[in-house]
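Just so you know, all these numbers are worked out from the coordinates, no wet-lab data involved. What you are looking at is a predicted structure, and each value in this text was computed from that prediction instead of being measured. Positions of Cβ are generated from backbone atoms using ideal geometry, with glycine treated the same way; all protein chains shown enter the neighbour counts.
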Amino acid sequence: INGSYFLDDPDEILSSQTNIRKARFAVKTRLWKYWLFEWDIDVAEGDLVEIKDCWVSYEGFKDSHIKFGNFKQPFGLEELTSSRMQVFPERAMVMLAFETDRLLGLEYSKWGKWGTIPFNFRGSFFTQPLANESKADYEKDVDESGIGLAARFVMAPQINDDIMFHGGIAAVYDTPDDESETLEYKSEAETKNGDLEFID
């Protein structure tokens, strides 16, 4: 549960309230040794069921997989890290404004060692999010569901018994499919209370 209370709000534009951070139901399974499936929904908003992860993956190749469905695109450590494993309770506003989040796509991932150094590469082709119409159009006047590409490469050498270095590079190319030819980056407060975008 997230909560916020603002002591000084003369223009009455902020929201002092609480909300349920997330309430998830998920099914994860492995079939015929190499096939993985995940279906994850969030019912925290009460009147709306939001599809999170919904994908199928094939792992019959050596140290690699192919994934198809609705999943997080390979961009940013903070975005890809599960909310159960984050350093802070919520992701930063700046990251939320520029996030790629979960989108319908096709991904190839390869991992292994470059000499003695572990590495991981992920590349994906994606399109619009797999979401309810009301959620997909939240505060939007036009359709912004275009197509794009994302790639991420990470290396994690072991410095000594106590230290590991994590370094990576990622890029996203996105083309919104609308007549405005513009993208809007915005984010509400980390508490997710209210509809005021502090970054817009």
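A few comments on the model shown:
- For the chain, built as a Gaussian network whose Cα springs stay under 10 Å, the top-fluctuating residue of Q73, Q17, Q128: Q17
- Straightening the chain between F68 and K28 buys 12.9 nm, computed as 0.36 nm per residue apart minus the Cα-Cα spacing.
- What the phi angles of region 63-72 give under the Karplus curve with 6.51, -1.76 and 1.60, with θ = phi - 60°, is a coupling list of 6, 7, 8, 10, 10, 9, x, 9, 7, 5 Hz, glycine and proline written as x.
- Its DSSP H runs of at least 4 residues, each contributing -39,500 (n - 2.57), put the calculated 222 nm mean residue ellipticity of the chain at -1000 deg cm²/dmol, to the nearest 500.
- Selected from Y58, Y108, Y34 as most flexible by GNM, with the chain as the system and alpha-carbon contacts under 10 Å: Y34
- The chain - percent relative contact order, Cα under 8 Å, separation 6 or more: 17 percent
- Given R0 = 22 Å, the distance between the Cβ atoms of I1 and K186 translates into a calculated FRET efficiency of 0.35.
- For the chain, the percent of C-alpha pairs falling in each 5 Å distance bin, counted from 0 to the bin holding the largest distance, reads 1, 6, 11, 16, 19, 16, 13, 9, 5, 2, 1, 0, 0.
- Highest-MSF residue in the chain out of F126, F98, F71 [GNM, Cα springs under 10 Å]: F98
- In Hz, Karplus ³J(HN,Hα) per residue of region 14-21 (6.51, -1.76, 1.60; θ = phi - 60°; x = Gly, Pro): 9, 10, 8, 6, 10, 8, 7, 4
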